[in-house]
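Okay, so here's the structure we're looking at.
The values are calculated or read from the model by the stated rules, or taken from the named source; none is laboratory data. Since the structure is predicted, the reported quantities are computational estimates derived from the model, not experimental observations. FYI the Cβ positions are ideal-geometry reconstructions off the backbone, even for glycines, and counts take in every protein chain you see.
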Amino acid sequence: MADPQVMIDYSDDQHTFSHEMWKPLVGDSKNYLNRVILRRQGSAYNRIYRVRYSEPTSFTLVESYADVSIGI
């Protein structure tokens, strides 16, 4: 049985979205501490993220965190 996956993409203009990034939820499927890490997402102003789950069950996003720095 394959690990469940989360699909994440984003939009900078709220109309067109980036390519889909599929990431596995690693670990025990009953564990609420499973996490997905995305790195090197570039820069944007008012970026919107869209998240989908691969399984036909409920999915709850408990927390989201962004490490943001101001560019030159």
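Side notes on the structure shown:
- Answer residue from region 35-51, given it is among the charged types (D, E, K, R) and part of a loop (DSSP other than H, G, I, E, B) and is nearest to L61 (Cα to Cα) among those: R35
- Lone qualifier among Y49, Y53 - being closer than 18 Å to D12 by Cα and of a type in the set (F, W, Y): Y49
- Taken over region 43-60, residues that are within 13 Å of V6 (Cβ to Cβ), surrounded by 10 or more Cβ atoms within 10 Å (Cβ to Cβ) and not small (G, A, S) amount to 7.
- Residue that is farthest from T16 (Cα to Cα) [pool: residues in region 46-72 that are modelled with pLDDT of 80 or more and among the aromatic types (F, W, Y)]: Y53
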